[in-house]
Each structure stands twice: as C-alpha cells, then as structure tokens.
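Values in this text are rule-based calculations from the coordinates and carry no lab data. The structure presented is a predicted model; accordingly, all values stated were derived computationally and were not measured. Every residue, glycine among them, receives a Cβ derived from its backbone with ideal geometry; neighbour counts consider all protein chains shown.
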Amino acid sequence: MKVHSDMDLNQLAERMGTEATLDDASAMCDLLVEKFDGQDTSEIPEGEWLALLEEAVA
C-alpha cells in the first residue's frame with residue numbers, strides 16, 4: 001500500500017490490526033505521510049511501523 005495523504009483509511013485500519021478505528025487510521029496516515037510519503041508500507045521497517053502505530057493509537 002503506497003503512503004500518501006489520500007490513503008484508504010479502511011485498508012490502513014485493517015493493516016494496523018483488529019482494534020484500530022478510522023480515527024486511529026487517520027492519525028497513522030498523517031504520521032506515515034510525514035516520514036514515508038510515496039513509499040510502500042511494506043518497505044517501512046517493523047520497528048518504525050510499531051512506533052508509529054503506538055503513537056497513532058495513543
């Protein structure tokens with residue numbers, strides 16, 4: 001899934017996990033665009049993904 005400001009929030013929420021809400025996905029999208037705009041989510045290192053995920057749902 002390519003990182004950009006118009007990402008499908010439903011798909012992103014699915015990738016974030018079963019507990020993720022659309023608000024969580026929106027926050028995650030903003031964080032991803034800041035650091036990884038234009039990249040594929042599969043290219044984001046696991047540690048970075050987990051740190052952003054924790055920040056998005058806080």
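For region 3-47, backbone nitrogen atoms closer than 13 Å to the point 7 Å from E54 Cα along Cα-to-C-beta are found at 47.
When M16, M28, M1 are ordered from fewest to most other Cβ atoms inside 10 Å of their Cβ, what list results? All intermediate terms of the calculation are to be shown ahead of the outcome.
Details: M16 20, M28 24, M1 13.
Ordered by Cβ neighbours within 10 Å, fewest first: M1, M16, M28.
Matching the structure-derived Cα Rg over 2.2 N^0.38 Å against the labelled list (1) 1.08; (2) 2.46; (3) 0.96 gives the label (3).
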